Amino acid sequence: MWPGLALAALIPRAVAAALRPPWHDEYFTCWAATLPWTKLLAALRLDSGPPLPYALVKLLTLAGLPPLVASRILAVAAGTGAVLLAARAARRAFGAEGSWWVGALLAFHPLAVAWSAEGRAYPLVLLAAAWAWDRLESLARGGTGAAGLALAVALACWSHTLGILLAAVLAVITLSLPRPARRRAVAAVAAGFASHLPWIPVAAHQPPAAIAWMTAFWQALPGWEKLAAPVRLLSPVGGFAATLDLPSPPWWVEVIGAVVVVWLLVAGRHRGQVGRRAALAILLPVTVLWFLAALGVPLLYPGRGEVVSLVPFALLLVGAAGGSRAWRAGAAGVCLAALAVTCVAIVGWANRPPSPERRLAAALVQRLPGGGAVVVGGYWRLGLSYHLGAARARFALVNYPASAASHPGWYDPASDRPGAGELDALLAAARASGRPTAVVVGSGLPTAADLQRLVTALALQPVLGVPGGELWAGPARGPA
């Protein structure tokens, strides 16, 4: 069983990791992995979450791997391991049949595959969640597992802020274990979380503007979508395309999928205490995330918070063998639907046209083969830097406003504003340098008007327009 399940999990993740185009958050991972250790920690004080994912990628780059390759190898390995650990937890709880169903659902679920095909923290959190459930089931049956549970909690907390939510959920769930196991489990969760305490002050002082966009996203959602947002994407045929680069099936497929999921949740039998634990592990994070979002706390974004709930969802949905052909047909349908959406997603990634960042970088190299200064507005700096590749050393990328340079992973127009005289100083420096200058104007941003004035003053010409931005540059020049 296990080699076959490992291949079933590995193949879609490896193919997806090879074909999926990189995007902004991965550009940040690649950039962070190139920083010296002291600068890495300083950068994370202003941007992103705990340091473990970036530290692991950096260690892999020291072995000679390019940062994106390193981050995706780590993601594929973590995602595959999560499937195997969740299947082992199901085997302990429900037997061999339940192990197969849980393994199949997580092997093919679009969210699980997407997390495992990108260089971010989510595959590590998913691995931690699966590991924690495996250790919980071992403890519940009088076995060992406390040390592994502590390490799983630590892994989650040091990988992403959502790890704290996972730790809190696990702390509640451990109270349902038999008394001898309960004490060991509570101590393990406490020890894992305690390891993360040194990072709490850093996280508490990170700029609120770094995640302010999530508040705007929540406020823009229609009322019915706010109600469905925390659970909608647990279904393998959810409406993914609204927030992720995954396909959404037709609305009627999503509705049928939701009906089948609800029916499986109701029809499955022989869940016992395991089922109650899994139900609680879904309801708690869903409720907490929804409540905090309703209060205006920027934590809920569809396709992210589900990493805390997906393993118990699989255990509750298909882990307990229903004992009837109809139940098995429904479970098989859910797994096949997950595989279908994942296959469509992989084909879409393979056929996606070049990203705006890639097109802008290619145009820069063609227009200014000898390099030059590039004034960048908005989010474009990291993507340009990545796609310039070997030519990156010939270009000086300058953020406008300059304050955005300290946190290239995010840009908030409300907090990143040009200083007095900053535009004039930029114009004077461009004229004095004697080097060719290009400007990337972020469409619709408050800085667009300033950058258009800079373009006019330098007599730059339009080179390329892409969704969300425009490239302007002087006459083409050969290498110096």
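The values are calculated or read from the model by the stated rules, or taken from the named source; none is laboratory data. Small disclaimer: the values here were computed from a predicted structure and weren't measured. Virtual Cβ from ideal backbone geometry, glycine too; neighbours counted across all protein chains shown.
May I ask you to list the residues in the stretch 451-473 that are touching a residue at least 40 places away in the same chain (Cβ under 8 Å), surrounded by fewer than 20 Cβ atoms within 10 Å (Cβ to Cβ) and closer than 12 Å to VAL375 by Cβ? Hits for the stretch 451-473: nothing passes.
Of the candidates ALA216, ALA278, the single residue that is at pLDDT below 95 and either over 26 Å from PRO21 (Cβ atoms) or of a type in the set (S, T, N, Q) (or both) is ALA278. If the condition is being hydroxyl-bearing (Ser, Thr, Tyr) and more than 37 Å from the chain's Cα centre (by Cα), then the stretch 414-442 contributes only SER433.
Annotation note: of SER138, SER195, the sole residue that is polar (S, T, N, Q) and surrounded by fewer than 18 Cβ atoms within 10 Å (Cβ to Cβ) is SER195. The set of residues from the stretch 247-298 being within 20 Å of ARG141 (Cβ to Cβ) and within 27 Å of the chain's Cα centre (by Cα) comprises ARG277, ALA278, ALA279, LEU280, ALA281.
Residue-wise test of (1) assigned to a loop (DSSP other than H, G, I, E, B); (2) touching a helix residue (DSSP H, G or I) at 6+ places or on another chain (Cβ under 7 Å).
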residue: ALA18; (1), (2): no, no
residue: TYR27; (1), (2): no, yes
residue: CYS30; (1), (2): no, yes
residue: LEU35; (1), (2): yes, yes
residue: ALA42; (1), (2): no, no
residue: LEU46; (1), (2): yes, yes
residue: PRO50; (1), (2): yes, yes
residue: TYR54; (1), (2): no, yes
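Could you pull out the residue among ARG435, ARG431 that is surrounded by fewer than 13 Cβ atoms within 10 Å (Cβ to Cβ) and among the charged types (D, E, K, R)? Explain how you work it out, then say what you get.
Working: ARG435 fails: surrounded by fewer than 13 Cβ atoms within 10 Å (Cβ to Cβ).
Within the list ARG435, ARG431, the selection yields ARG431.
Annotation: VAL376 fulfils all but one of (1) more than 20 Å from the chain's Cα centre (by Cα); (2) of a type in the set (Val, Ile, Thr); (3) not assigned by TED's automatic domain parsing to the domain that holds ARG435; the unmet one is (3). Screening the candidates ARG325, ARG277 for the property of being over 15 Å from LEU105 (Cβ atoms) and crowded, with 20+ Cβ neighbours inside 10 Å yields one hit, ARG277. Residue check: ARG20 meets all listed conditions (1) over 26 Å from SER195 (Cα atoms); (2) surrounded by fewer than 21 Cβ atoms within 10 Å (Cβ to Cβ) but one, namely (2). Residue count for the stretch 159-196 under the criterion of being out of contact with any Lys or Arg (no Cβ under 8 Å at 6 or more places or on another chain) and within 18 Å of SER309 (Cα to Cα): the result is 14. Beta carbons closer than 8 Å, at least 6 apart along the sequence or on distinct chains, never pair a first residue in the stretch 129-157 that is at pLDDT 95 or above with a second that is basic (Lys, Arg) and outside any helix (DSSP H, G or I).
Counting only helices (runs of 4 or more DSSP H) that sit completely within the stretch 166-225, those holding 3 or more residues that are under 30 Å from ALA140 (Cβ atoms) correspond to 179-194.
Going by the structure shown, is ALA117 aliphatic (A, V, I, L, M), assigned by TED's automatic domain parsing to the domain that holds THR161 and in a helix (DSSP H, G or I)? The answer is no for ALA117. Of the set (1) modelled with pLDDT under 95; (2) surrounded by fewer than 22 Cβ atoms within 10 Å (Cβ to Cβ), all apply to ALA340 but (1). TRP349 meets the conditions (1) touching a Lys or Arg at 6+ places or on another chain (Cβ under 6 Å); (2) of a type outside the set (Gly, Ala, Ser); (3) free of Cβ contacts under 8 Å to residues at least 60 places away in the same chain; (4) farther than 30 Å from GLY434 by Cα in every case but one. The failed one is (3).
Any idea which of ALA241, ALA228 is closer than 21 Å to PRO22 by Cα, free of Cβ contacts under 8 Å to residues at least 60 places away in the same chain and part of a helix (DSSP H, G or I)? Walk me through it before giving the result.
Details: ALA228 fails: closer than 21 Å to PRO22 by Cα.
Exactly one of ALA241, ALA228 is closer than 21 Å to PRO22 by Cα, free of Cβ contacts under 8 Å to residues at least 60 places away in the same chain and part of a helix (DSSP H, G or I), namely ALA241.
When GLN219, GLN206 are checked against the criterion of being crowded, with 17+ Cβ neighbours inside 10 Å, closer than 30 Å to ALA43 by Cβ and either assigned by TED's automatic domain parsing to the domain that holds ALA16 or in contact with a strand residue (DSSP E or B) (Cβ under 6 Å, 6 or more places away or on another chain) (or both), GLN206 stands alone in meeting it.
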